[in-house]
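Report on the structure given below.
The values are calculated or read from the model by the stated rules, or taken from the named source; none is laboratory data. Keep in mind it's a predicted model, so treat the numbers as computed, not measured. Using ideal geometry, Cβ is built from the backbone for each residue, glycine included, and neighbour counts are taken over all protein chains shown.
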Amino acid sequence: MKIVKKTLYSSDEDFINGIKEGNDKVLAVLYKLHFPMVLNFIVKNNGSDQEAKDIYQEGMINLYYNIKNETFKQESSIKTYLYSICRRLWLNELKRKNKFSDAVYDENDFILFDQEIEENVTDHSSKYKMMDNSLHKLGEPCQTILKDFYINKLSMLEIAQKMNYTNTENAKNQKYKCLQRLKKIYFSSNTSNNLDYEF
Amino acid sequence: MNFDIETFEFIDKYLQGELDEQELLLFNQRMENDHLFASEVNVRKELIEMLETHDNTNKLKEKFNLFHNEMELELNTPSARLFTIFRKQIRNRIVITSAAAACISAIVVLSTLYFSGWFSFQRQVSSYLELKNNIENMRTKQQSLWTAMFKSNKEKSATPSGTCFSVTSNGYMVTNFHVVKDVDSIIVVNYSDTIIRYNASLIFKDEVHDLAILKIEDKKFKSFGNLPYTIKQNISDLGENVFTLGYSKKDMVYSEGYISSFTGYNEDSSAYQASIPVNPGNSGSPLLNSKGELIGIVSGKHSLNEGATFAIKSNFLMGIIDSVRHMDSSEKLVLPRKNELTWSKRTDQVRKLHPFIFKVEVYK
């Protein structure tokens with residue numbers, strides 16, 4: 001079975017098409033295919049396997065959205081792309097931890113792709129982190145109300161019942177307050193460019 | 001900046017797509033006229049988009065975690081093991097490299113030892129000094145070169161080499177093999193009141209025990225008469241007083257000492273170690289005990305340890321004499337039987353021995 005799986009999606013095109021269609025099996029194969037490479041790189045550069053996992057997943061998320069938004073350029077292979085992103089992310093992480101050393105152990109057979117693209121790529125990660133931090137700051141019950149309304153598309157009545165509000169007007173009021181607060185938190189952190197927010 | 005809750009709900013409804021035609025018309029009108037309202041709508045759009053992306057990303061992360069767990073299960077190893085596998089690869093590489101380095105250095109050391117002769121168990125080891133007149137040898141070689149270059153080749157010069165002594169009255173002599181190795185002719189000389197020279201020839205050699213038997217082949221020679229000393233058949237005791245007579249210079253030199261060990265160089269059981277001062281030229285000198293019995297033949301000394309002289313045991317000499325007899329029945333070796341030195345004083349012993357001890361001169 002495993003062999004069939006791997007031979008089914010062997011080329012980059014198969015992977016790209018699979019991700020665009022939302023095929024989870026393809027995503028799983030792709031995920032498992034390139035992890036050892038990134039693990040190797042990070043372990044050789046003062047990282048643990050847990051850190052390797054985090055960095056790899058971040059890189060994979062970037063790849064995923066790039067493919068989804070059609071901004072992924074076929075000039076470089078997925079392998080090189082992943083390696084380059086994960087390398088950039090890890091070096092940033094090392095810099096943040098003040099562990100950065102000039103000597104970076106690289107695999108020999110990789111040609112790193114454009115530095116410019118690398119920097120654009122990390123944009124998505126920083127936005128995600130910003131929203132993550134903001135939501136964290138926002139806390140409960142606001143997080144649940146906003147997610148239920150905007151993402152899970154629940155009606156105000158359902159939310160009121162779920163959150164034990166006496167009527168929908170109260171729920172509406174609560175939602176209004178929550179969103180105003182999120183807006184304030186999110187955009188204040190955005191304008192101050194406080195990317196290294198720690199929680 | 002902050003709109004009231006009605007406006008807020010209005011925008012929400014628009015974003016959800018719940019506005020009817022009339023409301024949408026009103027909304028679009030307000031978008032055009034009220035810039036504050038328009039920017040509020042855009043900000044809300046962005047915020048909700050970000051919220052959605054955040055949620056999708058979280059879902060994606062959950063998926064990835066699932067894949068990761070699957071992968072670890074497939075590999076049947078926890079990620080810690082996965083980690084150590086990569087570490088091991090690096091370590092293996094180091095082990096292989098250092099093993100190769102160790103092999104190379106071992107080969108270099110062994111080959112150096114081999115070529116420098118460390119493994120050969122022969123006497124030709126640097127710390128075993130044969131008491132041959134090597135320096136004299138060098139000098140005469142140089143001299144002969146000099147004469148060869150600047151003078152006509154009148155005659156070959158003799159090389160003084162070692163000492164020999166007679167074991168039979170009819171002219172058989174014993175010396176070390178290394179004294180007469182690779183020589184053309186041998187002359188034995190006795191410097192007593194008068195200088196006596198005899199031509200001699202090598203008739204038997206024993207390279208292992210470093211012994212050689214010479215025979216005087218000279219018309220002038222008739223007989224030595226009775227020899228005053230005997231050859232001791234059995235092993236001597238440790239601490240026994242010994243003395244020797246040899247030609248370490250032109251005249252004969254006497255020295256004395258004691259047996260210090262039953263074995264020779266490198267625990268060689270065919271030799272004694274004696275604490276007795278000897279010098280180059282003493283090779284082949286007889287080693288005698290206080291009774292005047294021949295107990296050994298001086299063959300060499302330790303170059304590093306002072307006072308460690310090696311002498312071949314006399315019973316090996318007996319063995320050689322036997323083999324000479326067996327080899328050629330015409331050789332008549334009659335060993336002396338009567339010891340005339342037993343009760344003599346040392347000075348008398350030496351005086352009586354003097355005529356039977358010769359210097360060996362060789363021509364190469």
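Please specify each residue of region B:288-313 satisfying the condition of being under 32 Å from the mean Cα position of the chain (by Cα) and closer than 15 Å to B:Cys164 by Cβ.
Here is the first cut: in region B:288-313, the residues under 32 Å from the mean Cα position of the chain (by Cα) are B:296-313.
Passing the criteria: B:Gly296, B:Ile297, B:Val298, B:Ser299, B:Ala311, B:Ile312.
For residues in region B:145-201 being of a type in the set (D, E, K, R) and over 20 Å from B:Leu211 (Cβ atoms), which is modelled with the lowest pLDDT?
Just the residues of region B:145-201 that are of a type in the set (D, E, K, R), to begin with: B:151, B:154-156, B:181-182, B:184, B:193, B:197.
Retained after the next criterion (residues that are over 20 Å from B:Leu211 (Cβ atoms)): B:151, B:154-156, B:184, B:193, B:197.
On the way: B:Lys151: 55, B:Lys154: 45, B:Glu155: 48, B:Lys156: 51, B:Asp184: 82, B:Asp193: 76, B:Arg197: 88.
Top of the filtered list is B:Lys154.
Picking from B:Ser270, B:Ser255, which residue would you name as being among the small types (Gly, Ala, Ser) and touching a residue at least 40 places away in the same chain (Cβ under 8 Å)?
Working: B:Ser255 fails: touching a residue at least 40 places away in the same chain (Cβ under 8 Å).
Just one listed residue meets the conditions, B:Ser270.
What's the number of the condition B:Met71 fails, among (1) over 60 Å from the mean Cα position of the chain (by Cα); (2) closer than 22 Å to A:Leu27 by Cα; (3) surrounded by 12 or more Cβ atoms within 10 Å (Cβ to Cβ)?
Condition not satisfied by B:Met71: (1).
Would you check if B:Lys13 is within 8 Å of chain A (Cβ to nearest Cβ) and either assigned to a helix (DSSP H, G or I) or under 60 Å from the mean Cα position of the chain (by Cα) (or both)? Before the answer, list the steps.
Values: within 8 Å of chain A (Cβ to nearest Cβ): no; either assigned to a helix (DSSP H, G or I) or under 60 Å from the mean Cα position of the chain (by Cα) (or both): yes.
When the stated conditions are applied, B:Lys13 does not pass them.
Just give me the residues in region A:1-27 being at pLDDT below 50 and either within 19 Å of B:Phe64 (Cα to Cα) or surrounded by 14 or more Cβ atoms within 10 Å (Cβ to Cβ) (or both), in sequence order.
A:Lys2, A:Lys5, A:Lys6
State the number of residues belonging to region B:250-275 that are surrounded by 15 or more Cβ atoms within 10 Å (Cβ to Cβ) and part of a loop (DSSP other than H, G, I, E, B).
Of the residues in region B:250-275, 6 are surrounded by 15 or more Cβ atoms within 10 Å (Cβ to Cβ) and part of a loop (DSSP other than H, G, I, E, B).
Report the residue count in region A:150-170 for those that are closer than 15 Å to B:Glu9 by Cα and of a type outside the set (A, V, I, L, M).
So the answer is 6.
Which of (1) touching a residue at least 24 places away in the same chain (Cβ under 8 Å); (2) hydroxyl-bearing (Ser, Thr, Tyr); (3) closer than 15 Å to B:Asn305 by Cβ does B:Thr263 not meet, given it meets every other one?
Condition not satisfied by B:Thr263: (1).
Just one of B:Gly319, B:Gly300 is in the same structural domain as B:Val350 (by TED's automatic domain parsing), among the small types (Gly, Ala, Ser) and touching a Ser or Thr at 6+ places or on another chain (Cβ under 9 Å); which is it?
Numbers: B:Gly319 fails: touching a Ser or Thr at 6+ places or on another chain (Cβ under 9 Å).
One residue alone meets the criteria, B:Gly300.
Select the strands (runs of 3 or more DSSP E) contained entirely in region B:276-364, then report the ones holding at least 3 residues which are more than 15 Å from B:Ser236 (Cβ to Cβ). Can you show your working first?
Values: elements: B:286-289, B:293-302, B:309-313, B:357-363.
It comes to B:293-302, B:357-363.
Being within 14 Å of another protein chain (Cβ to nearest Cβ) and touching a residue at least 24 places away in the same chain (Cβ under 8 Å) is the filter here; which residues of region A:10-27 pass it? Show your work before the answer.
Looking only at region A:10-27, we keep the residues that are within 14 Å of another protein chain (Cβ to nearest Cβ), and these are A:15, A:18-19, A:22-27.
Scanning region A:10-27 gives A:Phe15, A:Ile19, A:Leu27.
Would you check if there is a residue in region A:134-143 being within 10 Å of chain B (Cβ to nearest Cβ), at pLDDT below 80 and in a helix (DSSP H, G or I)?
Checking region A:134-143: not a single residue is within 10 Å of chain B (Cβ to nearest Cβ), at pLDDT below 80 and in a helix (DSSP H, G or I).
Within region B:325-355, restricting attention to residues that are closer than 19 Å to B:Tyr254 by Cα and hydroxyl-bearing (Ser, Thr, Tyr), which residue is surrounded by the most Cβ atoms within 10 Å (Cβ to Cβ)?
Among residues in region B:325-355 that are closer than 19 Å to B:Tyr254 by Cα and hydroxyl-bearing (Ser, Thr, Tyr), the one surrounded by the most Cβ atoms within 10 Å (Cβ to Cβ) is B:Ser344.
Report yes if B:Phe224 is assigned by TED's automatic domain parsing to the domain that holds B:Lys345, assigned to a loop (DSSP other than H, G, I, E, B), among the hydrophobic types (A, V, I, L, M, F, W, C) and closer than 30 Å to B:Ser201 by Cα, otherwise no. Steps first, please.
Working: assigned by TED's automatic domain parsing to the domain that holds B:Lys345: yes; assigned to a loop (DSSP other than H, G, I, E, B): yes; among the hydrophobic types (A, V, I, L, M, F, W, C): yes; closer than 30 Å to B:Ser201 by Cα: yes.
Yes.
So if I check each of A:Leu82, A:Leu94, A:Leu33, which one is buried (at least 22 other Cβ atoms within 10 Å of the Cβ) and assigned to a helix (DSSP H, G or I)?
A:Leu82
Could you tell me how many of the residues in region B:49-68 are surrounded by fewer than 18 Cβ atoms within 10 Å (Cβ to Cβ) and in contact with a Leu (Cβ under 8 Å, 6 or more places away or on another chain)?
Residues meeting the conditions: 1.
If only one of B:Ser201, B:Ser169 is at negative phi and in contact (Cβ under 8 Å) with a residue 60 or more places away in the chain, which one is it? Don't jump to the end; show me each part of the working.
Values: B:Ser201 fails: in contact (Cβ under 8 Å) with a residue 60 or more places away in the chain.
B:Ser169 is the lone residue from the list that is at negative phi and in contact (Cβ under 8 Å) with a residue 60 or more places away in the chain.
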